[in-house]
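Participant: Can you keep this structure in mind? I'll have questions shortly.
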2 protein chains.
Amino acid sequence: MMIAVESFLLDPLQEGTLQHRIRQMVAEGILSGRLRAGERMPSSRKLALHLGVSRLTVTLAYAELVADDYLHAEGRSGYFVSRTAPQPGKTQPRPNTKPSTVDWARMLGHRPPSGDLNRGKPRNWREFSYPFIYGQADPSLFDHANWRLCMMQSLGLKDFDRMSDDQFEQDDPGLLEYIARHSLPRRGILARPDEILVTLGAQNALWLAAQLLLNQRRSAVIEEPGYPGLRDILTQTRCRMVPVAIGPRGLQAADLPPHPDVVFCTPSHHCPTGATMPLEARHDLLRAAQEQEFLIVEDDYEFEIAQGRAPLPALKSLDPSGRVIHVGSFSKSLFPGLRLGFMVGPAPFIAEARALRATVLRHPPGLLQRAAALFLSLGHYDVMLRRLSRSFAARREVMLAAISAEGLMIANAVENGGSSIWMRAPDGVSATALTEALKPQGVLIERGLPFFGATDAPDNFYRIAYSSIPSERIPEGITRIARTLKTLQP
Amino acid sequence: MMIAVESFLLDPLQEGTLQHRIRQMVAEGILSGRLRAGERMPSSRKLALHLGVSRLTVTLAYAELVADDYLHAEGRSGYFVSRTAPQPGKTQPRPNTKPSTVDWARMLGHRPPSGDLNRGKPRNWREFSYPFIYGQADPSLFDHANWRLCMMQSLGLKDFDRMSDDQFEQDDPGLLEYIARHSLPRRGILARPDEILVTLGAQNALWLAAQLLLNQRRSAVIEEPGYPGLRDILTQTRCRMVPVAIGPRGLQAADLPPHPDVVFCTPSHHCPTGATMPLEARHDLLRAAQEQEFLIVEDDYEFEIAQGRAPLPALKSLDPSGRVIHVGSFSKSLFPGLRLGFMVGPAPFIAEARALRATVLRHPPGLLQRAAALFLSLGHYDVMLRRLSRSFAARREVMLAAISAEGLMIANAVENGGSSIWMRAPDGVSATALTEALKPQGVLIERGLPFFGATDAPDNFYRIAYSSIPSERIPEGITRIARTLKTLQP
């Protein structure tokens, strides 16, 4: 590889002759690991021109570097970083950047340490033989060929402006239309384009809603257990968080504290238990919202892969007074790395959310919006959803059979599909210990503790998902869980 | 097109027989514009199965719809939305969503109206013959073929996990490496991977920095005139904003208020005037930062397309005490729709920025990070940068010649390239009026007013960029500006 001449810049603070400073610059580049053995240096002519020094100065500096074996010359073809050059140290020297003398704890306002951002989900989950991991895409179910075709089409010159332009505030019209005409009607929702905003995934939609609706003086109801990413979002708003315990019928209006400002919930599949809120409970909640004048943020994160008969209509579709903000995501049905979701709400709210989005990140990348719009509107998505549903239903059968055969305990009986099961370990067994004990056996499960906000939450729940594990692996994985549970029992 | 059966959902609130409700559901779909003439309905069997009703019920509802000409039957091939079906009204009926009764002004905390998010830049700028627009990509300079190849490679099955996974907190290692080894050294900066964060464009980087470093009790210095997107960001933090007037040598330490908390600046090319901060001024600013213990956020938004000799080293590279947060962007050199930028700072700061990014949006889409990493590391980027630089230098020559020939006034003489020129209209001429008067003539310029924070700011500046206009169009465009200026002179 040829090292670009532009990557050389003399340190104007450094003392010494030009020749010495050039020598130093190259040696430091090699010692810091930036310039690597075998890479080709710019010619002395080019470097001299770039730095605005005489060619002789560079030639002399290069000669010194050759003498010290930093570089070696290869006849007429130029100078290369020597394969026997002094090695970068283990602790890389960093000549230009001195350690920061800033009191970061004070500057950052004593924020709590960021902690484990991936909540114990190992990045190398694909290396596990029994990955009961939740929320990642399964390459064997994804329609890779058609996704590539749609990306290719979006990359066409015809669509250059859609891909390349700063789109300011507008979303891809094709994607908006698909969401309005196809995604939302499946949930019983009709919405105009000015009631829909495309977001960088559902996380981004929840964040925008929380930012706009909450502050230190307001209160938010969250489900307990619930989605940990939401707890992070609400912590940032400094609102008062009121956890409400969730049973097998999801959030119940009767359990709400008096006069909350915003209620966050996952009615179609409660996260993480999978409970579905029955129709009457939805009406109760909406009635309470109207009477007590609170708003509801409905996270419908997994609706597309509900199995079986038509799902219950979304809260948003039953909403008589425009009090529901509906959040959807393509992360579970397409893939999470795409980072595309959407929110639906009354136009004045969506207008503010759009303005906030513009301040924070301008807009979700046009190319991905375009490609997703094509993939959806050409019908590939529907076909894939059916495949996902069939596959998940089949895997679920195998899961339930294996769970029953091994006598494991399901914490929450769920009728309506999804892609995971919420489990309970026997009394006295720590799910954290179980999770750790299973890892060396190639089994990846998710402990339940991070879903709870309470500091004294029970450590005997765990989640096992079937969105990324093939059916034939499931029985052995469940067997290993059962076997390990026995060894942990007191 | 076949309408997916899943997009039909009975409104459980609706009264009447099942047959009546199905009829209503379809008719409303047509009247709302969701179901369109010629589209094919699901078979009665499928719809019955999906809704959990008898097939006869659906058949009878369909028969009614045919009688009313909402649908028409085509022998054995099924039911279609009739081409002569009742038309959707101008104001689309929205049966399921009632108008919001929420007091949004109160709920949103009396936010100021969002205003014009694209700051008067028309979305149809490509239709102008003389688009002196700033900051959009020029398809004639972009290396489209290689970008497509890099996207294709990133879309390969081999990279499925990089594209599809929820990457939690980590950035693409290839992109990080390129930034560390090639982008930053060009600015004299050496940084480790834990000192770099990939962001959703420079806007997102500035937003993250402002969120972490500012609050109601802190003050921020901004350049006047300056980048309006930054003003939006700072408004959101509720910090005290202190504007400092910018002359031809950029921000001067002597002009700073006492003890600010954070200073935002654009030393390499001041936005919008293009002024470059001389080396001594950089050292002065850094000295002041150390003495008064403030931080500096350096927005190096346009460094890659500096023309001529090696640019001055970034503030960050001269920073003796780790007080500079450096923000870079690929928007100007690749394209803004890509939404990729980065920030460089001390590790404790970057760790917090990463955690905040995860809460707000998780991570920039993996696919785009991967494709950009390939495009950069395969050297296509360097070749393209040289083409951009050559092209912009040539266009600049033509601009300066035409400006001089027409006797227009440059507001700020700039030596070091960039992609725009900051102009001054004669006394008494409003640049807003000029901008509007030029539009019907196919000439697009940008008025200067939005760059000022002061309410009594002068309205006689404008910006003309040459990043999206071919050389041969420039002289006529400048001539039209000059001619129009004359008609506006008092």
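Participant: Of B:47, B:10, which has the most accessible area and how do the rest follow, probe 1.4 Å?
Facilitator: B:10, B:47
Participant: Next question. Any idea what log10 I(q)/I(0) is at q = 0.13 Å⁻¹ for segment A:336-490, Debye with uniform C-alpha scatterers and no solvent?
Facilitator: -0.80
Participant: Take the Cα of residue A:441, step 7 Å along the line toward its Cβ, and report every residue of segment A:132-147 whose backbone nitrogen sits under 20 Å from that point.
Facilitator: Hits in segment A:132-147 for residue A:441 at 20 Å: A:132-134.
Participant: Shortest first, in nm, what separates the label point of residue B:426 from those of the same position in the other copies (7 Å along Cα→Cβ)?
Facilitator: 9.4
Participant: Now a separate question. What is the sum of charges around residue A:86, taking Lys and Arg as +1, Asp and Glu as -1, for the other residues whose C-beta is under 9 Å from the C-beta of residue A:86? Intermediate results must be reported in sequence, preceding the final value.
Facilitator: Details: positive: none; negative: A:68, A:69.
My count for the surroundings of residue A:86 gives -2.
Participant: If you don't mind, there's one more thing I want to ask. If a/c stays under 1.5 just call it rounded; otherwise compare a/b with b/c (prolate if a/b is bigger, oblate if not). Do that for the protein assembly as shown, with a ≥ b ≥ c from the square roots of the Cα gyration tensor eigenvalues.
Facilitator: prolate
Participant: Near residue A:153, within a Cβ-to-Cβ distance under 14 Å, what is the net charge of the other residues, with Lys and Arg +1 and Asp and Glu -1?
Facilitator: +3
Participant: Moving to a separate point now. Give me the residues in segment B:346-386 whose solvent-accessible area, probe 1.4 Å, is reduced by at least 50 Å² once all protein chains are included instead of the chain isolated.
Facilitator: SASA drop of 50 Å² or more in segment B:346-386: B:352, B:359, B:360, B:361, B:362, B:365.
Participant: Now for a separate question. Taking the inverse of the average 1/r across all pairs of different Cα atoms in segment A:5-81, what Kirkwood radius in Å do you get?
Facilitator: So the Kirkwood estimate lands at 12.4 Å.
Participant: Still on this structure, please answer the following. Restricting things to Cα coordinates, could you compute the convex hull volume per residue of chain A in Å³? Let's see the in-between values first.
Facilitator: Working: hull volume 103.5 nm³, N = 490.
Considering the Cα atoms of chain A, their hull volume per residue is 211 Å³.
Participant: Residues of the protein assembly as shown: accessible area per residue at 1.4 Å, in Å²?
Facilitator: Value returned for the protein assembly as shown: 37 Å² of accessible area per residue.
Participant: How large is the dipole of the protein assembly as shown about the Cα centre if only Lys and Arg carry +1 and Asp and Glu carry -1, each at its Cβ, rounded to the nearest 20 debye?
Facilitator: Dipole of the protein assembly as shown, to the nearest 20 debye: 1220 debye.
Participant: Taking every DSSP beta bridge that has both residues in chain A, what percent is antiparallel when rounded to the nearest 5?
Facilitator: The antiparallel proportion sits near 55 percent.
Participant: Interface size between chain A and chain B, please: total buried accessible area, 1.4 Å probe, rounded to the nearest 100 Å².
Facilitator: On the way: alone 24080 and 24080 Å², together 36740 Å².
Between A and B, the summed buried area is about 11400 Å².
Participant: Kyte-Doolittle mean at least -1.0 and Cα extent at least 24 Å along the axis: which DSSP H helices of chain A qualify?
Facilitator: Sorted by number, the helices that extend far enough and score high enough are A:380-406.
Participant: How well do other chains shield peptide A:183-189, expressed as the mean number of their Cβ atoms within 10 Å of each residue Cβ?
Facilitator: Mean shielding count: 6.
Participant: I would also like to ask the following. Leaving out ligands, DNA and RNA, what percent of the accessible area of chain A is carbon and sulfur, probe 1.4 Å? Could the numbers behind the result be given before it?
Facilitator: On the way: 9690 of 18370 Å².
That fraction is 53 percent.
Participant: Once the dipole of the protein assembly as shown is set up with Lys and Arg at +1 and Asp and Glu at -1 on Cβ about the Cα centre, which of B:102, B:488, A:132 lies farthest towards its positive end?
Facilitator: About the Cα centre, the residue reaching furthest to the positive side is A:132.
Participant: Among the listed pairs A:332/A:486; A:158/B:158; B:121/B:332; B:158/B:332; A:316/B:46, which are separated by more than 23 Å between their Cα atoms?
Facilitator: Among A:332/A:486; A:158/B:158; B:121/B:332; B:158/B:332; A:316/B:46, the Cα-Cα distance tops 23 Å for A:332/A:486; A:158/B:158; B:158/B:332; A:316/B:46.
Participant: Normalised by the number of residues in segment A:5-81, what is the relative contact order in percent for Cα pairs under 8 Å and 6+ residues apart?
Facilitator: 34 percent
Participant: Across peptide A:250-261, what mean number of C-beta atoms from other chains lies inside 10 Å of a residue's C-beta?
Facilitator: Other-chain Cβ atoms within 10 Å of each residue's Cβ, averaged: 0.
Participant: Using a label point 7 angstrom from Cα along Cα-to-C-beta, what distances in nm, from shortest up, separate residue A:153 from the other copies?
Facilitator: 2.6
Participant: A further question follows. Separation between the residue B:487 and residue B:17 pseudo-spin-labels, each 7 Å from Cα along Cα→Cβ, expressed in nm?
Facilitator: Modelled inter-label distance: 6.9 nm.
Participant: Let me ask something additional. Measuring nothing but label to label, 7 Å from Cα along Cα→Cβ, what are residue A:18's distances to the other copies in nm, shortest first?
Facilitator: 9.0
Participant: So in the protein assembly as shown, what percent of DSSP beta bridges are antiparallel if you round to the nearest 5?
Facilitator: That works out to approximately 55 percent antiparallel.
Participant: Here's another thing I want to ask about it. Once the other residues with Cβ under 9 Å from the Cβ of residue B:1 are scored (Lys, Arg +1; Asp, Glu -1), what is the net sum?
Facilitator: After counting each charged neighbour, the total is +1.
Participant: Here is a follow-up. Calculated FRET efficiency, residue B:386 and residue A:101, Cβ-Cβ r, R0 41 Å, to nearest 0.05?
Facilitator: 0.60
Participant: A further question on this structure: Packing-wise, with mean Cβ within 10 Å as the measure, how do A:442-452, B:292-302 rank, highest first?
Facilitator: Ranking the peptides A:442-452, B:292-302 by packing returns B:292-302, A:442-452.
Participant: Please compute, for peptide B:123-133, the average count of beta-carbon atoms on other protein chains lying within 10 Å of each residue's beta-carbon.
Facilitator: Mean partner-chain Cβ count within 10 Å for B:123-133: 1.
Participant: Go through A:213, A:468, A:315 and say which Cα lies farthest out towards the positive end of the charge dipole of chain A; charges sit on Cβ, +1 for Lys and Arg, -1 for Asp and Glu.
Facilitator: Value computed over the given set: A:468.
Participant: With the crude spin-label approximation of a point 7 Å out along Cα→Cβ, what separation in nm comes out for residue B:108 versus residue B:283?
Facilitator: Those two pseudo-labels are separated by 5.1 nm.
The values are calculated or read from the model by the stated rules, or taken from the named source; none is laboratory data. Given the structure is predicted, the values throughout are model-derived calculations rather than measurements. Because the Cβ atoms are built from the backbone with ideal geometry, glycine has one as well, and the counts that use them run over all protein chains shown. Just the protein is used for accessible areas: all its heavy atoms, side chains included, with ligands, DNA and RNA removed. Shrake-Rupley method; radii C 1.70, N 1.55, O 1.52, S 1.80 Å.
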